[in-house]
Amino acid sequence: DVFHVSAFGCVIQNIGFNSSISRTGGSYMVLSGANIYIFNCQFFGYYFGISIPSVFATIDIVNCQWGSGVSGFGVGIDITGAMADLSIRDCVMNSGSPTTQPFACVRIFNCLDIEISNCEFIQHIQDMIICPGATQQVDSLYCIMCFFDTSAGNGLLIQPTAAGSFVLRSTFIGCWFSTHVNDGVLIANPAGATVDGIDFIDCQMFDNIR
C-alpha cells in the first residue's frame, strides 16, 4: 500500500498515482479512519485504487479519476468495512480499453448509508458489484445520475455470495445501464440471502447484448 490513513479528520487532495509496471496487489490508498475527505486525486495503473476496511463513519470521495487498472483484477474503490456514511461524487472511472478491462469500478461487500452521484463508471468487467458475504449487508445505497457503460460483464451486478447476507433499501435514480456484454442490471440471489427493496426510477437500459 502507498498511503494508509487511520487518523481522524484527514484531507487528501491534488495527488496523482501511477505505476510503470503491472501491479499484483496493494492499494494506492487504504482508508481506515473517520471523517476523511479525498478530493481531486487521480489513480492510474491501480490494482486497488482506494480500499476502505474502515468500521468508522463519514468518508467523502469527490472529483477523482481512475484509469488503466490492472486487467481482470483492478478495482477502483473496494469497500469491505462495516462503515456508514460514504459519499462518492463527481468521479470518473474509465479503463480506456474495451478488451483489457479491470474487474470493477466499485465493489461493495459491507456498508450502510452510501450516496453515489454524478459519476461515470465505464469499461470494467462489472461496473459496480454489490456482493456481501455471510453476516454482511449493504443497506441504503442511493445512486443518482450515474453512467454505467460498456462493461465486458454487467453494468450493475447485485450478487450476495452466501446465506445470511443482505442487500436492502437501495435506490437508483436517473442512471444509465447500457451497452454491456451481458446485462445492464443483473440481480442473482442465492438461497438464504436476502435482496429486498431495490428501486430503479427513471433509468435507461439499452443495447445490452444478453
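The values are calculated or read from the model by the stated rules, or taken from the named source; none is laboratory data. Remember, predicted model here, so these are calculated numbers, not experimental data. A quick note on method: Cβ atoms are made from the backbone with ideal geometry, for glycine too, and the neighbour counts reach across all protein chains shown. We work out accessible area using only protein heavy atoms, side chains counted, and drop any ligands, DNA or RNA first. Shrake-Rupley method; radii C 1.70, N 1.55, O 1.52, S 1.80 Å.
Would you mind working out the accessible area per residue for the chain, using a 1.4 Å probe, and quoting it in Å²?
Here the residues of the chain average 41 Å² of exposed surface.
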In sequence order, calculated HN-Hα J values of region 23-29 (Karplus, 6.51, -1.76, 1.60; Hz; x Gly/Pro): 5, 10, x, x, 10, 6, 9
Shape category assigned to region 108-169 from the gyration tensor of Cα positions, a/c cut at 1.5: oblate
For region 138-210 and region 68-99, distance of Cα centres in Å: 15 Å
Solvent-accessible surface (1.4 angstrom probe) belonging to Tyr37, in square angstrom, nearest 10: 70 Å²
Cβ-defined net charge surrounding Ser95, 13 Å radius [Lys, Arg +1; Asp, Glu -1]: -3
Area of Val92 that stays accessible when all protein chains are in place (1.4 Å probe, Å², to 10): 60 Å²
With DNA, RNA and ligands ignored, accessible area of Asp202 (1.4 Å probe; Å², nearest 10): 130 Å²
Length-normalised contact order of region 1-86 in % [C-alpha pairs under 8 Å, at least 6 apart]: 29 percent
Derived scalar couplings ³J(HN,Hα) [region 2-14; Karplus, 6.51 cos²θ - 1.76 cosθ + 1.60; whole Hz; x for Gly, Pro]: 8, 10, 10, 9, 10, 7, 8, x, 8, 10, 10, 8, 6
Chain lengthening between Ala191 and Asp85 when straightened (0.36 nm per residue, less Cα-Cα): 35.2 nm
List Ile125, Ile38, ordered by accessible area with a 1.4 Å probe, largest first: Ile125, Ile38
Gaussian network model of the chain, Cα within-10 Å springs - most flexible of Ala191, Ala84, Ala152: Ala191
Quotient of Cα Rg and 2.2 N^0.38 Å for the chain, N being how many residues it contains: 0.94
Residue-wise HN-Hα coupling along region 176-189, computed from phi with Karplus coefficients 6.51, -1.76, 1.60 (Hz; x: Gly, Pro): 10, 10, 9, 6, 10, 5, 9, 10, x, 9, 10, 10, 10, 10
For Phe43, distant residues with modelled amide H under 5 Å away: Phe17, Gln65, Trp66, Gly67
Extension gain, Ile144 back to Arg169 (0.36 nm per residue minus Cα-Cα distance, nm): 7.6 nm
Percent carbon-and-sulfur accessible area, region 106-210, ignoring ligands, DNA and RNA, probe 1.4 Å: 55 percent
